[in-house]
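What follows is a single structure, written as structure tokens, with notes after it.
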Amino acid sequence: MNWPHKDIIAVQDLTSAEIGLILDMASSFKEISRRDIKKVPTLRGKTVVLLFYEASTRTRLSFEIAAKRLSADTTALSASGSSFSKGETIMDAAYNVMAMSPDCIIIRYPYAGVPKKMAELLPCSVINAGDGYHEHPTQALLDMYSMKERFGRLEGLKVAIVGDIMHSRVARSNVYGLIKMGAQVVLVAPKTLLPPGVETWGADVMTEFDPVIPEVDAIMMLRVQKERLHERFYPDSREYSIFYGLNKRRVDMMKEGAVIMHPGPMNRGVEITYDAADSARSIILDQVENGVAIRMTLLYLSMGGSANVD
Amino acid sequence: MWIKGGTIFDPAGGTVQAGDIHIADGVISGVYPGGNNGKDGEIVDAQGLWVLPGLIDMHVHFRDPGYEYKEDIVSGSLAAAAGGVTTVVCMPNTDPVNDNPSVTRYIVEKARAKAAVRVLPAGALTKDLNGIELAEMGLMKAAGIVAVTDDGKTVENASMMRRAMEYAATFGLPVITHCQDKGLSAGGVMNESALSSRLGLAGIPSASEDIIISRDVLIAGYTGLPVHITHVSTRTGIDIIRQAKRDGIRVTCDVTPHHLLLTEDRVRGYDTKAKMYPPLRKEEDRRALIEGLTDGTVDCIATDHAPHAKDEKDLDFDLAPFGIIGLQTLLPAIMQVHRECGIDFMELLKRATVNPARILGIEGGVLTAGARADIVLFDPEVKWKFTEESILSKSKNSPFLGKEFKGRVVHTIVCGNSVYRI
């Protein structure tokens, strides 16, 4: 299979075969990170620019480590230290970066659609590291990888995604991907945090958490966006955590072998308690480790690597 | 001047006939069905063309004073002329706002001296469009306004809206209302739907429009005063207005060509030229607008011509301003609705001529002896592509760029003078 995409913008754009290929290839990249010398020359001479116009710890670090382990040169730029704070438009910034001949731009941006536009206008590869409420494809791929690693398959799995679905690009990308891979998804949230048209996504939708818990193989908790509290989507953190938080009582209701996931950053005590986050069921740190492998795979594929690595 | 051999549409009389028109001293001095032998003055050959009264667009933004880099009275009026629009009503959201007679006089005088078409200002309902204090409607009327509106800034307080309608009626000024509940539409950039969720864009619920349409219709009903709802975009909005008219409430409304031809699907590529307020809605809403045109619920077609500079529209979808230009595509769009929806062309023509003239209480839309010689020659068969080069506005923000239309304005006459011809 020849990899047909210059860019990685949205899980919506990927076929199940392509997702399957990424997940298969990621294992060999994961192995590199477990070596003593964690570096291969695959992308030597390639330049990767990270444009982060929104706060990020995990994603940015993960991309940077992934690129470096493949021997690419990386440069990172964040909104506060760039001309963005001086009012330069994102496309002007992109053209300026392009003039320095990068092979790949990784972009995180607060508004939807911008990575897509960049991908259309720039000759280099563009990887979406999260755009507005649109998509976060690399997160969904690492989540799927982590589930597949644990269960050996995605088909037939039942996955709950709980919390602020409305403003979550992670939820969207996971729903699109998991359904394509034959998993069943149930979204759990108060009605104020369910997006319009959610019933067309192909997922089940529940407003009550407890009945869902014993049914599912994985529970993915979404971060409560505290900055949205003033918008009154729910009364306060106390009520939210009682109805939608993952705590010891709920962890005990989970079926055998079921796992707990979180894309981070966690608000301990709000959507997830200590004993849930740190329980034996948690694969939250596996997600982080796998993130590097998935991003190595995507960097490799989008910068012209052959899909036949073996 | 003679216009000879065309097919003359007179929406005032409802007649279509072949014939000649004679113009003298800026007015139509005679209409001659079947033709006339007169040869004095310029002879315009209208063989194969439709001869229409100049169109009236009751909703445009000419950005003058204050935002002349987007458009000004001269460039806007040239775009109007090229679109066969001989009268426009320009909205008051300029800088300074047209909320006092000095600004009104500036617009009226500049238009009189330099504009290619008749430019009639609408004044603000409230000072600085603040929704709190009434603007000087009486003085502005004396200076030349023909209507009052806060347009994009819906008056939030229902009591203020009632008082504004009552005060406007004192001076016989029509009130035009842009219906948008600010709370419900806050943050939205496109129609709220499954598509907005999929694109990751915050939505504008149709209910945010319907709520204010209901409110203003109810105030009109309660007070017995007239109100004009501009750019209705929703099925429910049309239903509310249809029922209100049946109940004898003095409500009128207009729709835009873009809401008649496009749906939210046009937003899929995050093209900011598909971002306007109200947003492009669903197909069922579009069909309801057509239905409203067919059964008479919709009184007028108006463009909401809203120029914005390229650098403003080139921003991210979330950040770009709302609005598109529309004057030069008005008649071709009407033609497309006529052809695709089977609505009689004369009925559509009334929505952009005699109907707005009646609502505004102005002259226009008449092609008989004694009327203003505002005339458009329209070639109904010619195919042409709408390109940036064909745009006379300073701004090029149209979702119809690159579209092939059938039917084009070839000659526009205002008060007996040719102001545009191909």
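The values are calculated or read from the model by the stated rules, or taken from the named source; none is laboratory data. Note that the structure is predicted; figures quoted are calculated from it, not measured. All Cβ positions, even for glycine, are placed from backbone atoms using ideal geometry, and neighbour counts span all protein chains on display. Heads up: the accessible areas ignore ligands, DNA and RNA and are worked out on the full protein's heavy atoms, side chains in. Shrake-Rupley method; radii C 1.70, N 1.55, O 1.52, S 1.80 Å.
Miscellaneous remarks
- Partners of B:LYS383 within straight-line reach, counting lysines whose Cα lies under 21 Å from its Cα and excluding those fewer than 8 residues away in the same chain: B:LYS396, B:LYS403, B:LYS406.
- For A:LYS158, the residues whose amide H sits under 5 Å from its own are A:GLN184, A:ASP217, A:ALA218, ignoring neighbours fewer than 5 places away on the same chain, with H placed 1.01 Å from N.
- Crossing angle, helix B:101-114 versus chain B [Cα axis fit, 0-90 degrees, rounded to tens]: 30
- Over 28 Å (Cα to Cα) - which of B:LYS39/B:LYS350; B:LYS110/B:LYS141; A:LYS30/A:LYS191; A:LYS158/B:LYS282; B:LYS153/B:LYS273; B:LYS110/B:LYS153 fall in this group: B:LYS39/B:LYS350; A:LYS30/A:LYS191; A:LYS158/B:LYS282
- About its Cα centre, the dipole of chain A is roughly 620 debye, where the only charges are +1 on Lys and Arg Cβ and -1 on Asp and Glu Cβ.
- Relative contact order of chain B, defined on C-alpha pairs under 8 angstrom at six or more residues apart (%): 20
- Here the alpha carbons of the protein assembly as shown define both size measures, Rg and Dmax, at 30.3, 101 Å.
- Residues of the range A:138-297: accessible area per residue with a 1.4 Å probe, Å²: 39
- For B:VAL382, residues with placed amide H under 5 Å, excluding near neighbours: B:GLY407, B:ARG408
- The calculated FRET efficiency for B:GLU363 paired with B:LYS182, based on their beta-carbon distance and R0 = 60 Å, is about 0.95.
- Here the range A:173-202 is scanned for amide nitrogen atoms under 15 Å from the site 7 Å beyond the Cα of B:GLU284 along Cα-to-Cβ, giving A:197-200.
- List of the range B:187-209 residues, accessible area with partners at least 40 Å² below that of the chain alone (1.4 Å probe): B:ALA194, B:SER197, B:ARG198, B:GLY200
- Inter-probe distance in nm under a simple model that places probes 7 Å from Cα toward Cβ, at A:ARG249 and B:GLU42: 8.5
- As a fraction of the 1.4 Å probe accessible area of the range A:137-283, surface on carbon and sulfur atoms comes out at 50 percent.
- Looking at the range A:106-202, the GluC sites (Glu not before Pro) that sit in a DSSP loop and have at most 13 other Cβ atoms within 10 Å of their own Cβ are A:GLU155.
- Student exercise, chain B dipole from Lys, Arg, Asp, Glu Cβ charges, in Debye to nearest 20: 300
- The Cα center of the range B:325-395 and the Cα center of the range A:180-194 differ in position by 49 Å.
- The GluC sites (Glu not before Pro) found in the range B:293-359 include none that occupy coil by DSSP while having at most 16 further C-beta atoms within 10 Å.
- Within the protein assembly as shown, percent of DSSP bridges classed antiparallel, to nearest 5: 35
- When the Cα positions of B:TYR222, B:TYR167, B:ILE23 are compared along the charge dipole of chain B, B:ILE23 comes out farthest toward the positive end, with charges on each C-beta of Lys, Arg, Asp and Glu.
- Modelled this way, with points 7 Å down the Cα-to-C-beta line, the labels at A:GLN225 and B:ALA158 are 3.2 nm from one another.
- Axis of helix B:235-246 versus longest Cα principal axis of chain B: the two differ by about 70°, to the nearest ten degrees.
- Selection of trypsin sites (Lys or Arg not before Pro), the range B:325-422, meeting DSSP coil and at most 16 other Cβ within 10 Å: B:LYS403
- Projecting label points 7 angstrom from Cα along Cα→Cβ for B:VAL410 and A:ASP13 puts them 4.6 nm apart.
- Interface area, A with B, accessible, probe 1.4 Å, both sides summed, Å² nearest 100: 1400
- DSSP beta bridges in chain A [antiparallel fraction, %, rounded to 5]: 5
- Rounded to the nearest 20, the size of the Cβ-charge dipole of the protein assembly as shown about its Cα centre is 980 debye, with Lys and Arg at +1 and Asp and Glu at -1.
- When the Cα positions of B:VAL85, A:SER173, A:ALA67 are compared along the charge dipole of the protein assembly as shown, A:ALA67 comes out farthest toward the positive end, with charges on each C-beta of Lys, Arg, Asp and Glu.
- Å² per residue, accessible surface of chain B at 1.4 Å: 35
- FRET E, pair B:ARG266, A:ASP36, Förster distance 51 Å, beta-carbon r, rounded to 0.05: 0.40
- FRET efficiency, A:GLU199 to A:ARG44 (Cβ-Cβ, R0 56 Å, nearest 0.05): 0.70
- Set of the range A:162-185 residues, backbone N closer than 17 Å to the point 7 Å along the Cα-Cβ line of A:ALA55: A:168-169
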